[in-house]
Amino acid sequence: MSAVSASDAVSNGTGSNDEAILLRSNSDGIATLTLNRPKQYNALSTGLMSEVQAALDDLREDRAVKVVILEASGKGFCAGHDLKEMRAGDGRAYFEAVFKQCSRMMLSITRLPQPVIAKVHGIATAAGCQLVATCDLAVASNDAHFATPGVNIGLFCSTPMVALSRAVGRKTAMEMLLTGEGIDAATAERMGLINRAVPPGELDRITLEYAEKIASKSSLTLKIGKEAFYRQIEMDLEQAYNYASEVMTTNMLARDAEEGIDAFIEKRDPKWTGE
C-alpha cells in the first residue's frame, strides 16, 4: 500500500472517509494504524477486526515499513469486543467465528515481521487490554486505564487472558481476571503490561521516538529477532538455547550482519539493505 496521509481511510462501509473505521498513514518507515470508532470507544466489531486483519496482511508484505504504531481516535484506546453486536449474534457458530477472528488478529500482530507499538490513551479493557498485551511495546498516557472486567458481566476474559498472562506475572494476571478491577498506567508500567506511562502531552512524541529508534535498525534483523523471541519463550531452557544458537548462526550469515559489524569496527553508520 502506498503512503497516505493520516486522515486517509483504509476502509469504510459507506464511501465516506469521515466514517472509516480504520485509518493508516506511512512516514519514514513507520506505519500508523488508527482504530476509528470513537463513539463506541473503538470496540472491536467484526468489521473493524476485518480491516485491521487486512492492514496487517498488507503490512507483512510491505518492505518499506519497519515498525507499526497502533493507536485510536476519540476518548479511549479500545473497550474490547462490541457487546451490542455480539448480543445480536445467534448461536455457537457465530460466537466461535468472532473469537477465532479476534485470535487470528492477535496472532497476526505477534507474527508480523515488524515490531508493533501500542499508543494507549483512555481505556483499554477486555480485548482492548489484550491488544495492549499483544503488541511488542506499549506506551500509555498517565490517565490510561486497563482492565479485564469480563467477570463482572458473566463473560470471563478467557482470550484476553492468553496475552495478559504472557505479559505479566501469574498472580497479577489472575487478580485482574478474577476481580475485574482496573489498574492505572503507573501500575501497568510496574507490572510490565506497558513500557512507559507518560504525560498525555508527551504520548505522541515518546511513542514516535520509540518507533524512529526501531526504524533505524535493519528490517531483516528486526524480523529475525521478533520471530525468535516469541518462539523461544515457549521452549524449555535447553531447547531455547539450541534454537537461539541456530538463529544467530543464520543471522550472522546475513549481509546486514556483515555490514553492521564492519560499520561498528570502522566507526561509521551502517547502510542496511534488509538482506
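The values are calculated or read from the model by the stated rules, or taken from the named source; none is laboratory data. These figures come from a predicted structure and were not determined experimentally. Neighbour counts run over all protein chains shown; Cβ positions are idealised from the backbone, glycine included. SASA here: full protein model, heavy atoms, side chains in, ligands and nucleic acids out. Shrake-Rupley method; radii C 1.70, N 1.55, O 1.52, S 1.80 Å.
The set of residues from region 40-79 being more than 16 Å from CYS129 (Cβ to Cβ), more than 16 Å from the chain's Cα centre (by Cα) and not polar (S, T, N, Q) comprises GLY47, GLU61, ASP62, ARG63, ALA64, GLY74, LYS75. For region 53-84, a tally of residues being under 22 Å from GLY122 (Cα atoms) and either among the charged types (D, E, K, R) or open to solvent by 40 Å² or more (accessible area, probe 1.4 Å) (or both) returns 6. The set of residues in region 126-143 that are more than 11 Å from ALA167 (Cβ to Cβ), touching a residue at least 60 places away in the same chain (Cβ under 8 Å) and either in contact with a His (Cβ under 8 Å, 6 or more places away or on another chain) or in a loop (DSSP other than H, G, I, E, B) (or both) comprises ALA127, ALA140, SER141.
Tell me yes or no: at least one residue of region 175-189 is touching a Leu at 6+ places or on another chain (Cβ under 8 Å), of a type outside the set (A, V, I, L, M, F, W, C) and on the phi > 0 side of the Ramachandran plot. Scanning region 175-189 turns up no residue that is touching a Leu at 6+ places or on another chain (Cβ under 8 Å), of a type outside the set (A, V, I, L, M, F, W, C) and on the phi > 0 side of the Ramachandran plot. Among the candidates SER108, SER50, SER45, the residue that is small (Gly, Ala, Ser) and open to solvent by 30 Å² or more (accessible area, probe 1.4 Å) is uniquely SER50. The set of residues in region 81-112 being within 12 Å of the chain's Cα centre (by Cα) and not in a helix (DSSP H, G or I) consists of LEU112 alone. Just one residue in the set GLU246, GLU258, GLU175, GLU212 is more than 22 Å from GLU71 (Cβ to Cβ), at pLDDT 95 or above and either surrounded by 12 or more Cβ atoms within 10 Å (Cβ to Cβ) or of a type outside the set (Lys, Arg) (or both); that residue is GLU175. Looking only at residues in region 113-146 that are among the hydroxyl-bearing types (Ser, Thr, Tyr) and either more than 10 Å from the chain's Cα centre (by Cα) or surrounded by fewer than 24 Cβ atoms within 10 Å (Cβ to Cβ) (or both), which one is farthest from LYS66 (Cα to Cα)? This residue is THR125.
Results for (1) more than 20 Å from THR110 (Cα to Cα); (2) assigned to a helix (DSSP H, G or I); (3) touching a Ser or Thr at 6+ places or on another chain (Cβ under 7 Å); (4) open to solvent by 60 Å² or more (accessible area, probe 1.4 Å), shown as yes or no for each residue.
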{"position": "LEU193", "(1), (2), (3), (4)": "no, no, no, no"}
{"position": "ALA197", "(1), (2), (3), (4)": "yes, no, no, no"}
{"position": "GLU202", "(1), (2), (3), (4)": "yes, yes, no, yes"}
{"position": "LYS217", "(1), (2), (3), (4)": "no, no, no, yes"}
{"position": "ALA228", "(1), (2), (3), (4)": "no, yes, no, no"}
{"position": "GLN239", "(1), (2), (3), (4)": "yes, yes, no, yes"}
